[in-house]
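The values are calculated or read from the model by the stated rules, or taken from the named source; none is laboratory data. Quantities reported herein were computed from a predicted structural model and do not represent experimental measurements. For neighbour counting, all protein chains shown are included, and Cβ atoms are generated from backbone atoms with ideal geometry for every residue, glycine included.
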Amino acid sequence: MSALTEAKVPDIGGSKDVPVIEVLIKVGDTVKKDQGLITLESDKATMEVPAPFAGTVRELKVKLGDELSEGDVVALIEAADEVAVSSVKPASSEIPAPKKPEPAAPVVAAAVADTAPAVVAPAAVPAVAASSPIRTPPVSFDAEALMPANVPYASPSVRVFARELGVDLSKVKGSERGGRISKVDVQQFVKSALVSGVASSGGGSGLNLIPWPQVDFAKFGAIESQPLSRIKKISGANLARNWAMIPHVTQNDEADITEMDLFRKKLAEEHKEVKVTPLVFMMKAVVAALKKYPNFNASLEGDNLILKKYFHIGIAVDTPDGLVVPVIRDVDKKGLLELAAELAVISAKARDKKLGPNDMQGGCFSISSLGGIGGTGFTPIINAPEVAILGVSKSQIKPIWNGTEFTPRLMLPLSLSYDHRVIDGAAAARFASFLTQSLADLRQLLL
C-alpha cells in the first residue's frame, strides 16, 4: 500500500484565509493528476486546488466554509504510483492540533485609507538600510490603545482589507467567536458609514447623508429576494469607496475608426485562428497615449505621484456573477495578434471563474467597453489606485463633413474618466484627442 501523501494549497498569489466554496471530492474517490479537489474564492477570483498526483482520497482535511492559505493541507491521498510521488514527504499519521488564534498586531487607533483596491495585494515594503538613522515616528502613539486587551481581534488579512478601505478596526464590532472581526463585519461597517455619513476614520463631518429609506416592498405587489454574489458585494464596496474618494470628471470624444475597422477585418480574414477585436487596437493606442502623457500612468500616494514605467492594461469583463478586471501585462511589447489571443484566453478564464489573484494585479489603466451592447457614452468609475479609465460605447455610421461634402464614417464614442486631483481638464482633453487621432490613423502608433 502506498503511503498517504498530503495534497496542499499551492501558491495562490499571496492571498490568505481564502474561503472554501465547493468541495469537489469525497473520501474514496479516485482522482487524476491536476483534477480539482476544492474550489476557493478570494476577492474577485475563483480558483481550484488541483491534485498534485493521481491516487485515491483517503481523508479530507477541509469542509465547506473553511478558510485556507498557501501550504494548508486539503486531503490525504494514496498515490496510484508510489514512484511518482517518492519526492513528496508523507503525511504524518497524527492529526495536527487546532491552530491558536494569531495575536493581534498593534495598530494605530485611527486608520488611514489606502488607495489600493481589495483585489490587489499590498506591495512589499522595502527594508530600511542598516545605516539609515532611526527616526521619530511621525504620529504619536497611545500606549493604552496598544495594550493587548484593547487591540481589535482580527486576522492579518482582515487588517489589510480594513486598511485598504480606511476602516478603524477599533470601531468595528466582531460577529465571530470571541468577538473576532471578519471581512463581512468590515463591509457592513463601511455600508453603515456610507448610509449614516459617519466617516470611518472618525474625523470630519462625513457625507451627512440622510438614512437609507426602509420600504416594505411586498405591500405593493409580489417580490423576490435574491442575494448578491460575492463578487458584486466586494465590487460594490470598492466602487462606493472609489466614487466617494476620487473626484471624477469625464471627458467625452469620438474617434473615426473607419480605416482601422477595415484593417481589422482584413487582419481577421488573414488570421482566422484568433478573434481580432477593436479592443486590441484601443489597448495599443492607450499605451501610446500613456507614454506621451505619463501622469495618466500613475498612482497617487499621499503627496507623491508614483509614475510607472510599465504598461499593464486592465480589461473589464462582464460575467454572470458581476464585473471583473483581469490585467494584460506588457501591452507595449506585444503585437496585435498576440494581444488578441491573450485577450480571448483571459476573457474565457474570467467567465469560467478561473482567474487567479495574479491575473488581476498590477494594472496601470483600465478599459471598459460596452460597444457590443450599445450606448453613446457613460461615466466609468476609476479603478483605484489608477487615476483614469477609458469607457468605450457602440460605434455607428455618421455623416461627417470633410470640407466639401458629408461622407459616411464609422465613429466610436469614448468616455475618459480621470482623477481631478492628478489630471486637469486640459490634459484630459489632450489625452483623449491623441487617442482619437491614433485610432483614426494607425500610422501614428509607429511614430
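Figures for the structure shown
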| read-out | value |
| --- | --- |
| Residue list for segment 301-331, filter: exposed (fewer than 15 other Cβ atoms within 10 Å of the Cβ) and either modelled with pLDDT of 95 or more or not acidic (Asp, Glu) (or both) | Gly302, Asn304, Leu305, Ile306, Leu307, Lys309, Tyr310, Pro320, Asp330 |
| Pairs where the first residue, in segment 319-348, is assigned to a helix (DSSP H, G or I) and the second is surrounded by 19 or more Cβ atoms within 10 Å (Cβ to Cβ) and acidic (Asp, Glu), C-beta under 7 Å, 6+ apart | Ile346/Asp359 |
| Test: residue in segment 391-403 that is crowded, with 22+ Cβ neighbours inside 10 Å, modelled with pLDDT of 95 or more and either in contact with a strand residue (DSSP E or B) (Cβ under 9 Å, 6 or more places away or on another chain) or not small (Gly, Ala, Ser) (or both) | yes |
| Every pair of residues 6+ apart whose Cβ atoms lie under 7 Å, when the first sits in segment 13-24 and is at negative phi while the second is part of a strand (DSSP E or B) and among the hydroxyl-bearing types (Ser, Thr, Tyr) | Ser15/Ser42; Val18/Ser42; Ile21/Thr39; Glu22/Thr39; Leu24/Thr39 |
| Residue in segment 354-361 that is in contact with a helix residue (DSSP H, G or I) (Cβ under 9 Å, 6 or more places away or on another chain), under 22 Å from Val331 (Cβ atoms) and acidic (Asp, Glu) present | yes |
| Odd one out for Leu262, checked against (1) surrounded by 14 or more Cβ atoms within 10 Å (Cβ to Cβ); (2) more than 26 Å from the chain's Cα centre (by Cα) | (1) |
| Total residues in segment 214-258, condition over 29 Å from Thr319 (Cα atoms), assigned by TED's automatic domain parsing to the domain that holds Ala428 and outside any helix (DSSP H, G or I) | 1 |
| Selection count where residues are touching a residue at least 40 places away in the same chain (Cβ under 8 Å) and closer than 15 Å to Pro156 by Cα, scope segment 167-181 | 5 |
| Strands (runs of 3 or more DSSP E) within segment 385-439 that include 2 or more residues more than 28 Å from the chain's Cα centre (by Cα), assigned by TED's automatic domain parsing to the domain that holds Gly372 and of a type in the set (A, V, I, L, M) | 396-401, 406-419 |
| Considering residues of segment 347-370 that are among the aliphatic types (A, V, I, L, M) and over 28 Å from Thr250 (Cα atoms) only, the residue surrounded by the most Cβ atoms within 10 Å (Cβ to Cβ) | Leu355 |
| Output for segment 309-323, where each listed residue is under 17 Å from Pro385 (Cα atoms) and touching a Ser or Thr at 6+ places or on another chain (Cβ under 8 Å) | Ile313, Gly314, Ile315, Ala316 |
| Candidates Val422, Val387, Val392, filtered to the one that is aliphatic (A, V, I, L, M) and touching a Gly at 6+ places or on another chain (Cβ under 6 Å) | Val392 |
